[in-house]
1. Please list the non-local residues whose amide H lies under 5 Å from the amide H of Thr235, H modeled 1.01 Å from N, same-chain partners needing a gap of 5 or more.
2. Tell me, in nm to one decimal, what length is gained between Val76 and Arg263 on full extension, where the rule is 0.36 nm per residue of separation less the Cα-Cα distance?
3. So if each residue of separation counts as 0.36 nm, and I subtract the Cα-Cα distance between Val247 and Val191, what length gain in nm does that give?
4. Mind grabbing the accessible area of His98 for me, 1.4 Å probe, Å², rounded to tens?
5. How much length would be gained if the chain were fully extended between Arg274 and Val97, taking 0.36 nm per residue of separation minus their Cα-Cα distance, in nm to one decimal?
6. Ranked by accessible surface with a 1.4 Å probe, highest first, in what order do Phe48, Phe130, Phe279 come?
7. As a check on your grasp of the helix formula, calculate [θ] at 222 nm for the chain: sum -39500 (n - 2.57) over DSSP H runs of n ≥ 4, divide by the residue count, round to the nearest 500.
8. Largest first, what is the accessible-area ranking of Cys155, Cys280 with a 1.4 Å probe?
Amino acid sequence: SLQFSPMPVVMTGEALWRLSAPGPAPSALTAVASAVAYVYAVYVLVAFLIFLSPNAPWQKAVEGAKTLDAQNPAWVNAPIHVRAGIDVALFALWATVHSTLARPLVKKTLLLGAWNRPVFVAQGAGLLHFLIAQWVPLTYVLWDVPKAWHTTLWCAFVGGAIITLTASFALDHFALFGLSDGFGVDINRLVGLKESEKDRDDASPALSSRWHYTLVAHPMMSGFLISFWCVPCLTLGHFLFSSLATVYILTATSLLEEPDLRRELGPAYEHYLRSVPSFCPFAPPRR
């Protein structure tokens, strides 16, 4: 069986499930499960980017893939308030389960150990996949910018996705997506991406800030926000999704994630939050 050595937790603006969570140790089964969950999550995230980008240049290569403006035959004749209500319920389901399972008390109660992060990744991807499949379009167009701006906005959309992806490596991509948990190995260190000692905070060794995290506290969320809104044509359904996601990001980070990290990391994390903006590198830091 795989030998498990707890790896140092790398914390910046976003919470990770702990490898030290009580419960089963890593094994061949958790390794396989984490790998399957990772592949599935990557598939769903690609589907999510396609979902968010109807009429994008790459849609011809993925013809038939579901977008948020694609018809849902089951609700095509439903009143607008019913369709909007279904979409809000779908998002609320994902957000509620996602935030609940991320809380430290829940993690300690579930006693999943090495299953913690793989289970979290799998359920998050599964519910997002369900949202994509069941989303009901609201196709009234709120804005449609001149064609000369389309390329610029789609480049910004892709740029947001790249920011989110690369920020996951600045944090710890392999722990974030459950592979380090499942295999019981510090994969980040094995591939040479472990943070250096200069990236660590002297007062709180568990706190590390590097790359994107020297600019903003929540760079992964910054990338998502860019992709949510940088589209040439914004329909009512797209506006609804982007608004729900934006409100969720702003409230979940400030009311749930940051308080958890303050309790865990102490004054060092509070100092970090006051030294960088939350989402936009051009905004002033908090006071």
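1. Correct list: Leu142.
2. 62.6 nm
3. 16.6 nm
4. For His98, solvent-accessible area is about 50 Å².
5. Taking Arg274 through Val97 to full extension adds about 60.8 nm, to one decimal.
6. Accessible-area ranking of Phe48, Phe130, Phe279, largest first: Phe130, Phe279, Phe48.
7. Taking each H run of at least 4 residues, the total per residue is -16500 deg cm²/dmol.
8. Cys155, Cys280
The values are calculated or read from the model by the stated rules, or taken from the named source; none is laboratory data. Bear in mind that the values here come from a model prediction, so they are computed numbers and not experimental data. Positions of Cβ are generated from backbone atoms using ideal geometry, with glycine treated the same way; all protein chains shown enter the neighbour counts. When the accessible area is computed, the model is the full protein with side chains, heavy atoms only, and any ligands, DNA or RNA have been set aside. Shrake-Rupley method; radii C 1.70, N 1.55, O 1.52, S 1.80 Å.
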